[in-house]
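See structure below.
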Amino acid sequence: MKVGLFIPCYINAVYPEAGVATYKLLDYFGVEMDYPTAQTCCGQPMANGGFEGEAVSLANKFEELFGKYDYVVAPSASCTAFVKEVYPKLLNKEQHACQTSGKIYDLCEFLHDILKVKEMPGTFPHKVSIHNSCHGVRELNLSSASELNIERYSKIKDLLKLVKGIEVFEPHKADECCGFGGMFCVEEPDVSVCMGQDKLKNHIATGAAYITGADSSCMMHMQGIVKREKLPIKFIHVAQILASGL
Amino acid sequence: MSSKNDILENIKRNIKFTCDLPDISCLKGMEYADKIAQFIEITQGVGGNAYLLKEGEDINDLIKTLYPEAKEIASNLPDITIATRNPDTIDDPHALDGTDLGIIQGEVGVAENGCVWIPQNVRQKAVYFISEYLVIVLDRKNIVHNMHEAYRQIKFSDKYGFGLFISGPSKTADIEQALVMGAHGAKGVTVILK
Amino acid sequence: MSTKHSEAAKRFIANKEQRTWHNETLWLVREKRDRLAMAVPEWEKLRELSSEIKLHTITHLDKYAEQFAQKAEANGVVVHWAKDAKEHNEIVHGILAAHNTKKLVKSKSMLTEECHLNKYLIEQGIDVVETDLGERIIQFMNIPPSHIVMPAIHIKRQEVGKLFEEKLGTETGNSDPTYLTRAARKHLRDQFLSADAGMTGCNFAIAETGDIVVCTNEGNADMGTSFPKVHIVSIGLEKIIPNLNALGVYTRLLARSATGQPSTTYTSHFRKPGEGRELHYVIVDNGRSDIIGNEEHFQTLKCLRCAACMNTCPVYRRSGGYSYTYFIPGPIGINLGMLKSPQQYADNVSACTLCYSCNNVCPAHVNLADQIYRWRQDLDSLGKADPMKKVMSKGLKFLFGLPALYNTTLKFAPLVNHLPRFTVYNGLNAWGEGRELPEFTGDSFTALWKKGKVTKSGKKCSTLKKQKP
């Protein structure tokens, strides 16, 4: 099995440590990986802003780079969901059957559903509050959406509970949007910041020291508010917690 | 007439594919071990009251105990002897203004939501709504589990072309979402299960 | 980079007390909806059936509309057809004029709101009285609804108290909701008893029987149709469903989704006119038949108008109904506005984070968020795309299209960390309005990889079998 590692643009630029943790963690579980260095962005920021056309060439490039692997794994639920849900439609318009849509997984999904891991290497003796991102919950089904009458589950929680010493919490309104929303955050800055503040209040109320999750974009937005308002909570990508001790 | 044709033609023109009607009968609605207990509980939950008439208990006495202050009582039910006005013999529904209590017959009770089916069975249906308080008489044998069952059973009366489900008293929360009973219709509803 | 929605939202958000109350109160409605939905084991199956029944009806609407009208006529109902709002209003006025109507009592109808009926009738000299409490409040205030189920959700009790002092002569300073509701009850009872005609909307129209079904909690639709000689019903084409068995699905979903009740208090079925009375149906198209042909957006016709999408929408809850330029706000309103006139209502398309919660609460599986995403793709060709967003998207495409440039940019990105604060947090930077920028890292992941700094730990999981391809 060969995995193509996809490190989305903002993780690449702002949170490379989440990428490094992903690499170490997958290696720990015996996964053989490649990192195609010509990769850039999946195109979601443009598409969600209304410029899907700008994402087509990126989708083609992505196919070229990642089509040959058995799996594509990314430490980002939102980017994974975009490739999975939107790429087939974009490429279909060009009479091109999408290769990567069926084999891309968010890191947590991959660990939980494909590798079916039952232990984690290290300890993380802290209280953490899970940030259930919208695309993680409602597109990738990483946890049961609060609106649906289905059996309750959370893949991220399952994985985190394998780490020794950790205490896992979820905020009130467990999967309400944080207000990032791609270009939404600059087109509707007031609503966006208001949503972020409300979300942070709920995260902080859990008593957690860290907010963690599978989407760095949400965390980048909330971190911006935390820094501005000097709020008492830190951020860590779920990959980094799972890779503790590596 | 031409608007009708234009609209129907435009609909036809715009339908590009068709979908089949799903089989609704394959859906099994909620069922309860004790339909009557569930009906009583949910009726209270929606702000009403349900009362099991005991054997030998007189319904008129019971209603008088429940609504001791009611003076003007409207009903067309033969068993109800305390009525002061009969909505069947009133020509103008406006004359029902000032009714303290209406006593009416329900046909089907629904355990999942406290609804009672009332096919219009009085000449002036205004009595269902204008009465300050309402008593609905229902045979406890006629309680069904859910709305699917109810819709398979309900009938309109031969005489009138109106029927409704009532579930508890009239209510509103239009001022700051504060729940208030008795917006326009009955301020309180008691279902008496015979 | 702003839209009319974002600007109006900014004003709503500025009042912290009001927006917090609005957000939390509507969230409570969402929670009530959740409790009721979770108590029905077959909930998700019901939503699917609801969607399938509507899809079937919409794709056979010519047949069902005709059947509905035929049945109704056989029941003694007078059926009218209106192509648009103007024809609808003229038909209604014609009926009222024929009966020399001075006062019309109305129960809540978003369709008559869509047609601007009240304004039209008032201009013709008819006294139009809205009888839903929330609708009466906003009618007195001469403002439109801010929510389609709870029209006065943005009004505080003190404002209602003051309004009723002036309009109904209630006690000075008394804003107790029970007291005010009782005052409205008395006032509106006088209206019901003195009206010449009653008008209702329609939640469901049953093709098989010709019935129309109206769901209310207050009982105003019933009071308004039990005294006057004339009852007029405005029916949007999309309200038609095949039969009473289908209605069983919808009555189970509607109130649970809308207000978190197991049922509305009154579910009234009108079939025939009462003794010595007239019952009129006005079946209204007003663009609906065209929507059927719109393959990307025709699913909006499945909407039950329950407003669950508004109550869950994190943007609606924090920006209020008036921040949208279409008369229906929230996710469904964004979509219906675009269907009405993309040129006129494109400003609402920004009011969505694509969180998809609306899709999940919708009792008819309308894919609201997906449709908003689709509308965004159309903005550019409509000439409605924000020029700055367009530049950003083109720039990003250019940047991401060239890996070498991308990597060079990553290399120099940390320089932003050292820019003087005033150049980063100025009026042009919407990000900086309430947030600090992220700190770009010294070495990007790609740079670390190329330098060989992304390394294995040397530890291996012992329990996991070696993966096979």
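The values are calculated or read from the model by the stated rules, or taken from the named source; none is laboratory data. This structure is a prediction, so every number in the text was calculated from the model and none was measured. Methodologically, a virtual Cβ is constructed for each residue, glycine included, from the backbone with ideal geometry; neighbour enumeration extends over all protein chains shown.
See the values below:
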item	result
Entirely in segment B:1-100, the helices (runs of 4 or more DSSP H) that have 1 or more residues that are within 14 Å of chain C (Cβ to nearest Cβ) and surrounded by 12 or more Cβ atoms within 10 Å (Cβ to Cβ)	B:2-14, B:35-45
Meets criteria (in the same structural domain as C:PRO151 (by TED's automatic domain parsing) and closer than 30 Å to B:TYR160 by Cα) for C:LYS86	no
Pair list, Cβ < 7 Å and 6+ apart or interchain, from segment B:48-75 residues that are among the acidic types (Asp, Glu) to residues that are modelled with pLDDT of 95 or more and assigned to a strand (DSSP E or B)	B:GLU72/B:ARG85
Residue that is farthest from C:GLY198 (Cα to Cα) [pool: residues in segment C:218-237 that are touching a Cys at 6+ places or on another chain (Cβ under 8 Å) and either surrounded by fewer than 24 Cβ atoms within 10 Å (Cβ to Cβ) or of a type in the set (Gly, Ala, Ser) (or both)]	C:GLY236
Inter-residue pairs, beta-carbon under 6 Å, first in a helix (DSSP H, G or I) and in segment C:297-318, second of a type in the set (Phe, Trp, Tyr), 6+ apart	C:MET310/C:TYR316
Which listed residue is within 23 Å of C:LYS103 (Cα to Cα), without any contact (Cβ under 8 Å) to a residue 60 or more places away in the chain and surrounded by 20 or more Cβ atoms within 10 Å (Cβ to Cβ), from C:PHE204, C:PHE192, C:PHE164	C:PHE164
Within segment A:222-246, tally of residues that are in a helix (DSSP H, G or I) and surrounded by fewer than 21 Cβ atoms within 10 Å (Cβ to Cβ)	3
In segment A:3-18, residue surrounded by the fewest Cβ atoms within 10 Å (Cβ to Cβ) [restricted to those that are at the interface with chain C (Cβ under 7 Å from one of its Cβ atoms) and either in a loop (DSSP other than H, G, I, E, B) or among the charged types (D, E, K, R) (or both)]	A:VAL14
Residue within segment B:146-154 that is touching a residue at least 40 places away in the same chain (Cβ under 8 Å) and more than 9 Å from every other protein chain (Cβ to nearest Cβ) present	yes
Options C:GLU48, C:GLU73, C:GLU24; residue that is within 14 Å of chain A (Cβ to nearest Cβ), under 30 Å from B:THR18 (Cβ atoms), assigned to a helix (DSSP H, G or I) and out of contact with any helix residue (DSSP H, G or I) (no Cβ under 8 Å at 6 or more places or on another chain)	C:GLU48
Residue in segment A:19-41 that is at the interface with chain C (Cβ under 7 Å from one of its Cβ atoms), closer than 21 Å to C:LEU437 by Cβ and not in a helix (DSSP H, G or I) present	yes
Residue count, segment B:155-180 (criterion: aliphatic (A, V, I, L, M) and either surrounded by fewer than 18 Cβ atoms within 10 Å (Cβ to Cβ) or at positive phi (or both))	2
Residue in segment C:384-393 that is under 24 Å from C:VAL149 (Cβ atoms), in contact (Cβ under 8 Å) with a residue 12 or more places away in the chain and more than 8 Å from chain A (Cβ to nearest Cβ) present	no
Segment C:238-256, subset under 18 Å from C:ARG271 (Cβ atoms) and among the hydrophobic types (A, V, I, L, M, F, W, C), residue surrounded by the fewest Cβ atoms within 10 Å (Cβ to Cβ)	C:LEU244
Hey, A:PRO125 over 16 Å from the mean Cα position of the chain (by Cα), away from chain C (no Cβ under 14 Å) and assigned to a loop (DSSP other than H, G, I, E, B) or not	yes
Matching entry among B:LYS54, B:LYS71, B:LYS125 (being within 17 Å of the chain's Cα centre (by Cα) and either of a type in the set (A, V, I, L, M) or at pLDDT 95 or above (or both))	B:LYS125
Residue that is farthest from the chain's Cα centre (by Cα), among those in segment A:169-204 that are surrounded by fewer than 22 Cβ atoms within 10 Å (Cβ to Cβ) and more than 14 Å from every other protein chain (Cβ to nearest Cβ)	A:ILE204
Residue in segment C:275-284 that is over 30 Å from C:THR101 (Cα atoms) and of a type in the set (Ser, Thr, Tyr) present	no
Members of segment A:54-91 found to be part of a helix (DSSP H, G or I) and either of a type in the set (D, E, K, R) or at pLDDT below 90 (or both), listed by number	A:GLU54, A:LYS61, A:GLU63, A:GLU64, A:LYS84, A:GLU85, A:LYS89
